[in-house]
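Below is one structure, written out as structure tokens, with a few remarks after it.
Computed from the coordinates by the stated procedures, all read-outs in this text should not be read as laboratory data. Since the model is a prediction, treat every value here as computed from it, not as a measurement. Here Cβ is always computed from backbone atoms with ideal geometry, including for glycine, and neighbour counts include all displayed protein chains.
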Amino acid sequence: MRRPVIKVPVIKTPVMQMPLKYAPVKFAVTLVSVAAVLAAATSCSPTPEAAESKSLKIVYQKTDSFTALDAVMQDAKKEFEASNTGVTVDLQPIQANDDDYGTKLALAQRSGDTAPDVFYEDTFKVRSDVDAGYLLKLDGYLEKWDDWAAFSEAAKEAGRADDGGIYAVPLGTDTRAIWYNKTVLQKAGIQVPWQPKSWDEILTAARAMKAASPDVIPFNMYAGKGTGEGTVMQGFYELLYGTDSSLYDVDAKKWVVGSQGFTDSLTFLKTLYDEKLAVSPAEALDANVWKKVFGEWFPQGKLGATVEGSYTPSFWQKGGAYEWAGYEQDMGVAMFPTQKGQDPGGVSMSGGWTLAVGAKSRNPELAFSFLTTALNKKNALAYDINNSQIAVRTDVASEPEYLAANPFVKDVSDLVKVTHYRPATADYPRISTAVQVATESVITGKQSPEDAAAEYDATVRKLVGEDKVLEK
Amino acid sequence: MRIRRFLRLLPVVPSVLLLLVFLMAPVAWSFYASFTDAALSGKAARDPQWVGADNYVRMFSDDSFPLAAWLTVVFVAASAVLGQNVLGLLIALLMTRSRRAVASWVGTAVVAAWVLPEIVAAFAAYAYFNRDGTLNQVLGAFGSAGPDWLYSFPLVAIVLANTWRGTAFSMLVYRAALADVPRDVTEAALMDGARGWQRLAFITLPLIRSSIATNLMLITLQTLAVFTLIWVMTAGGPANASTTLPVLAYQEAFKFGDIGYGTAVASVLILLGMVFGAVYVRLLREQKS
């Protein structure tokens with residue numbers, strides 16, 4: 001017997017038309033979006049002088065855990081609009097992580113119609129963005145700005161490009177250190193304040209913590225592509241710059257390959273991850289692992305120590321993303337040691353962000369004037385305190401309010417003496433990714449430190465060419 | 001006569017113009033940019049230089065490109081051609097024989113995944129395959145600890161997710177096609193003593209061949225372009241274990257700022273889509289003649 005075929009009403013869409021329309025449209029959208037960017041890329045012709053519009057577009061980053069700059073910008077907007085009648089300040093915060101913020105900013109800068117007048121710019125991108133013609137040279141304006149003298153000499157360098165001109169004004173700087181939970185260390189019988197003198201002392205302490213409380217993560221260091229720039233700034237470079245090697249030879253302007261220090265640094269990471277002294281590789285590759293570090297593991301006493309920035313207290317202080325009243329008592333800070341304790345005994349990395357004026361701005365005078373409002377003493381002080389930045393204005397640095405912002409200001413500021421900066425060349429972002437890939441291969445067990453280092457060398461040679469590498 | 005023909009073509013002119021401006025022009029740009037060193041920052045951003053076929057040469061000496069091309073082929077074959085297509089046909093066939101209520105429930109459940117916006121579907125899939133996600137919680141309830149799917153089996157996870165998301169489309173196409181199969185032919189076969197699978201293989205499938213070809217073409221092109229799902233679930237990782245060509249193109253162009261190389265990868269992707277398209281169109285034409 002044959003079962004009668006029951007007619008089932010299908011969703012009443014004209015089925016044979018839908019697919020034909022749907023798929024090509026979607027495909028087209030993908031193509032269009034890729035190509036739209038290209039269209040923008042090649043059509044950077046300057047827009048003809050439009051009617052003088054007295055409006056300034058300000059672009060900066062704002063995230064759930066980074067609102068300090070937004071607060072400063074809101075204040076500066078009020079201040080500026082009050083003293084400049086007829087001018088509207090159009091604040092356009094971008095909600096994105098550092099990488100995506102950079103991409104969005106670069107895309108906006110390709111056309112005069114979308115380019116911002118004043119924007120938040122990472123120091124290590126200043127040089128390549130000046131090359132790209134995105135930043136306005138500020139020398140002429142700075143001469144007339146009295147406050148410029150208050151900036152520390154080192155900080156002024158952050159905005160200098162290859163032609164010697166200044167293109168950006170720093171908001172603040174930062175350093176990196178070991179942050180540790182005193183309770184976890186004391187449980188393992190380690191005396192606080194703790195200051196390891198070499199890599200071996202870190203491993204010894206971490207093993208002791210593991211033995212004393214098996215479910216804590218003793219000593220975490222970021223690795224892999226997930227944490228992006230965090231992997232290298234708060235992790236690999238503290239290791240590499242503490243060996244006798246480095247990433248880049250500043251004098252020769254060449255990238256270092258084949259160094260023992262590079263392999264040693266990878267080996268150290270391998271030891272941490274293999275002995276389960278750090279998080280599991282799967283957790284390390286999660287781009288959000290840092291949120292757990294600040295939001296859960298440290299406050300709950302599940303993490304012994306990690307390498308993080310001087311801005312760390314900004315997450316825990318009042319109004320921060322992960323308020324934690326006890327951090328001032330529970331946490332300690334130590335300098336990251338050099339490999340075998342060789343001079344200068346410690347190592348740190350510095351970055352920091354700046355404000356810059358867009359080269360395509362239609363009101364450069366006004367834009368610079370807004371920049372000076374956003375960076376005046378009052379606003380700089382508020383920003384440095386709320387975001388736990390190391391002050392770059394000497395008048396802010398000597399303010400009692402700044403020094404008393406949290407118990408760690410002095411410790412992390414002292415690290416400026418041993419700090420290093422990333423090579424701010426246009427090749428840098430790719431090299432950084434190559435380093436991240438090497439760490440990822442090692443902690444996941446895909447490659448031995450030697451093989452990963454060899455692959456890194458090959459990648460660097462391919463990226464920058466034989467004439468820009470140095471065998472060390 | 002000529003004027004009338006021209007007048008008849010007039011209504012399509014706007015759509016042709018729109019296609020030229022919004023589809024062909026970007027493709028042409030992308031193709032052009034792939035021969036330059038266009039970049040997001042640095043000197044090349046201000047003044048991109050013509051570099052000939054350098055980007056394409058680099059592509060084939062770069063380890064990540066062949067891997068991405070291979071992963072793309074596996075992803076398309078496994079999630080579209082096998083997953084969505086076969087599963088869609090199977091569900092459509094079962095629906096013709098099941099009760100009305102069952103069929104409409106199944107239909108709704110399958111279509112639900114397709115109705116979701118891509119980003120929502122991607123988050124749902126992420127929440128499902130995540131280390132502490134639904135799948136591992138269900139496995140945990142039965143006492144077995146699941147692996148970290150997105151880390152240990154990223155390709156499997158995105159293939160399953162894309163199959164889940166796209167099957168509804170094939171199901172709808174085949175539902176319509178099966179409804180058009182004349183009943184007298186199947187009945188005649190039945191009278192001749194053909195079994196179920198024989199009727200399927202020798203009567204039903206040949207009759208819906210053109211729908212199969214159309215469906216395959218569309219889902220292949222769709223799957224080639226899948227980006228959001230993969231980006232949200234694994235971001236192409238760990239290492240490059242789930243970096244398909246669209247993800248690679250995005251990373252090169254927007255993460256590393258190398259628009260020239262990124263568009264070169266995109267151009268290869270377009271060519272790949274055209275090859276697939278041409279093959280299917282040919283299949284369609286052959287059976288018509």
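For the reader, a short list of remarks on this structure follows.
- Divided by 2.2 N^0.38 Å, where N counts the residues, the Cα radius of gyration of the range A:83-206 comes to 1.56.
- Space enclosed by the convex hull of the alpha-carbon atoms of the range A:358-472, per residue, Å³: 201
- Rule-of-thumb Rg ratio for the range B:66-158 [Cα; 2.2 N^0.38 Å; N residues]: 1.30
- Sequence ranges A:316-329, A:299-312, A:242-255, ranked by mean other-Cβ count within 10 angstrom, highest first: A:299-312, A:242-255, A:316-329
- According to the Cα-based calculation, Rg over Rh for the range B:132-218 is 1.22, with Rh computed by the Kirkwood formula.
- Rel. contact order, % - alpha carbon contacts under 8 angstrom, at least six apart, the range B:175-280: 22
- Euclidean distance between Cα centres, the range B:1-21 to the range A:341-405, Å: 61
- Residues whose placed amide H lies under 5 Å from that of A:R160, excluding near-sequence neighbours: A:Y167
- Fraction of beta bridges assigned by DSSP in chain A that are antiparallel (%, nearest 5): 60
- Among the residues of B:249-261, the average count of other protein chain beta-carbon atoms within 10 Å of the residue beta-carbon is 4.
- Computed on the protein assembly as shown, the Cα convex hull volume stands at 211 Å³ per residue.
- A Cα-only calculation for the range A:156-278 places Rg and Dmax at 17.8, 56 Å.
- For peptide B:162-170, the mean count of partner chain Cβ atoms within 10 Å of a residue's Cβ comes to 1.
- When peptides A:389-399, B:45-55 are ranked by their average number of other Cβ atoms within 10 Å per residue, the highest-first order is A:389-399, B:45-55.
- Sorted peptide list for B:255-263, A:201-209, criterion being average Cβ within 10 angstrom, highest first: B:255-263, A:201-209
- Distant-in-sequence amide contacts of A:S259, defined by a placed amide H-H separation under 5 Å and a gap of 5 or more residues or a different chain, comprise A:K472.
- Scaled radius of gyration (Cα, divided by 2.2 N^0.38 Å) that the range B:63-288 gives: 1.16
- For the pair the range B:56-86 and the range A:95-160, the centres of their Cα atoms are 40 angstrom apart.
- The range A:303-396: proportion of alpha-carbon pairs further apart than 20 angstrom, %: 57
- Approximate shape of the range B:1-53 as ellipsoid semi-axes (Cα gyration tensor, √5λ), whole Å, largest first: 39, 11, 7
- Relative contact order of chain A, pairs being alpha-carbon contacts under 8 Å that are 6 or more residues apart, as %: 24
- B:F202 paired with A:K276, simple spin-label distance in nm, labels 7 Å along Cα-to-beta-carbon: 6.2
- Unit charges on C-beta of K, R, D, E only; dipole of chain B, Debye: 1260
- Pairs of Cα atoms nearer than 8 Å and 6+ residues apart set the relative contact order; for the range B:63-288 it is 28 percent.
- Per residue convex hull volume, Cα atoms of the range A:244-357, in Å³: 182
- Residue-averaged 222 nm ellipticity for chain B, from DSSP H runs of 4+ at -39500 (n - 2.57), nearest 500: -20500 deg cm²/dmol
- Rounded to the nearest whole Hz, the Karplus-based 3J(HN,Hα) values (6.51 cos²θ - 1.76 cosθ + 1.60, θ = phi - 60°) of the range B:35-41 follow the sequence 9, 10, 9, 3, 9, 6, 9, with x at glycine and proline.
- Its DSSP H runs of at least 4 residues, each contributing -39,500 (n - 2.57), put the calculated 222 nm mean residue ellipticity of chain A at -11500 deg cm²/dmol, to the nearest 500.
- Amide H to amide H distances under 5 Å link A:K197 with no residue, where only residues 5 or more positions off or on other chains count and H is placed in the peptide plane.
- In terms of distances greater than 25 angstrom between alpha carbons, the cross-link table entries A:K125/A:K254; A:K197/A:K417; A:K318/A:K378; A:K210/A:K318 yield A:K210/A:K318.
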